[in-house]
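Read through the structure below, which is laid out as structure tokens, and then see the notes.
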Amino acid sequence: MKCEEFEAIGLDAERDASLSEVERAAAREHASTCSRCAALQDSWQAAGVELRAFAEDTAVAQAPARVEMRLRQEFRTQHVTLKVRRTAAIATWALAATALLVGVVSWHSWRRSRQEVAANHLNSVPAANNFPDNNSAIGANHKTSAEVPDGMLERGSAGAGSSETLVADNELSGFTFLPGAFAADTDEAAILHVRMQRSALGALGLPVNEERAGEWIQVDLLVGDDGLPQAVRLPQ
Amino acid sequence: MRIAEQDRDDVLLRRAAKGDEEAFTLLYRRHQAAMYRFALRMTGNSWAAEEIVQDVFMTLMRDPKKYDATRGALGAFLYGVARNRVMKHMERLPREIPLEEKNEDGTGSGIVLQDASTPAMWVEKRERRQQVRAAVLELPVEFREAVVLCELEEMSYEEAAQMAGCPIGTIRSRLHRGRALLMAKLEMLRSVPRRASVAR
């Protein structure tokens, strides 16, 4: 072993596990024959002793307790914050999901009600279309459901939002025009069911049977838009 | 829940990651002294060492997934993190060597008197240790690291190489150069008092 080699690997040959036994023996032999390298090794061993003494001084050194305290505090803060964040995130998602659900349900029920209205409308249109004489002498008359006699309620009226329905022309048949009234005046007329004494028919210009003048009868009056009766129909 | 002392580091770390403070504390207590000693020997500054230890465990706390148990022990991982922090500290304050180290209670240096020497001997020893400490701290960082790991931490060359992230040959060469510089420095310090006493 040469001096350079000894300086590189021989000084600590006994500790260096990567060296082979042959290399260690060579280092020992060199140190025993070369006074310069032997002195170098002595010097290094003396330095080693001092280093170990220095190491011993710091061997029991520990981080101060305040470091642990700070770290634990930080740990708590971090994990509490994480929990709060997680809870907030979950709550936000839950609220969003609820809002979405409410929205979907509302939209669905709105759509359903719209469909029902449309269906009712469609159901009522054929009823009107079945009577091509709608624009005849009497015209398109309106009638409230309250005014429609039992058994004459139009189809699909149950549950419908509208209180007005179209009345078929044949419903207007049987009316007798009062004196001075014209068919043309009945365009916007409405049928009014009234209960009156038979004698009151005289006031409308109709003949009255004196013997039955005190009877109460049900009469349909066709009332014009001026509020005056235009025609009358006596029940059969 | 009580944690068994012998629980493995990775098990403790998993618990700590789930918010188990006790597990984190146990991990800290297991490894803090080694980290602190390494940082103190590298920086020579107890405040810096304290800060480095805190940083190391903050890293572990904030991102425990950085540690991969299949790649080695947690201690080695923490050494690696501490080493990076030390290097950053050195870059930031390349020549910072505090004039005097104070203990927490404000007394003297971090050196602990453990023998029953006479005051004169104690003073001489203390001076000598301060000289050694100064000599170590004056070494260039990479040589200092090799000396601290191999001579002060008493790691094998292989362990030191693993820690420093370099081949064994590099560690050996750094150690060789570090020793040469250290010996020269210590020789110089030894001879100065001698020459001073001869002059007198």
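Taking θ as phi - 60° and the Karplus parameters 6.51, -1.76 and 1.60, the scalar couplings of segment A:225-232 work out to 6, 8, x, 9, x, 9, 8, 9 Hz in sequence order, x denoting glycine and proline. Sequence-ordered 3J(HN,Hα) estimates for segment A:24-31 from the Karplus curve with 6.51, -1.76 and 1.60 and θ = phi - 60° stand at 4, 4, 5, 5, 4, 5, 5, 5 Hz, glycine and proline given as x. Each Lys or Arg adds one and each Asp or Glu takes one away; over the other residues whose Cβ falls under 9 Å from the Cβ of A:Arg24, this sums to -3. Multiplying the residue separation of B:Thr70 and B:Glu21 by 0.36 nm and removing their Cα-Cα distance gives an extension gain of 15.2 nm. Listed cross-link partners B:Lys65/B:Lys88; A:Lys2/B:Lys125; B:Lys18/B:Lys88 are compared with a 28 Å cut-off, the Cα-Cα value being larger for A:Lys2/B:Lys125; B:Lys18/B:Lys88.
How many nm separate the modelled label positions at B:Ser173 and A:Trp93, each set 7 Å beyond the Cα in the direction of the Cβ? The two pseudo-label positions are separated by 5.5 nm. Relative to its residue count, segment A:3-57 spans a Cα convex hull of 73 Å³ per residue.
Per-residue shielding of B:24-34, expressed as the average number of other chain Cβ atoms within 10 Å of the residue Cβ, stands at 3. Computed from the C-beta positions of A:Glu215 and A:Gln115, the FRET efficiency with R₀ = 41 Å rounds to 0.25.
FYI, it's all coordinate maths here, none of it is from the lab. Everything numeric here is computed off the predicted structure, so don't read it as measured data. Ideal geometry is used to build each Cβ from the backbone, glycine not excepted, and the neighbour counts take in all protein chains shown.
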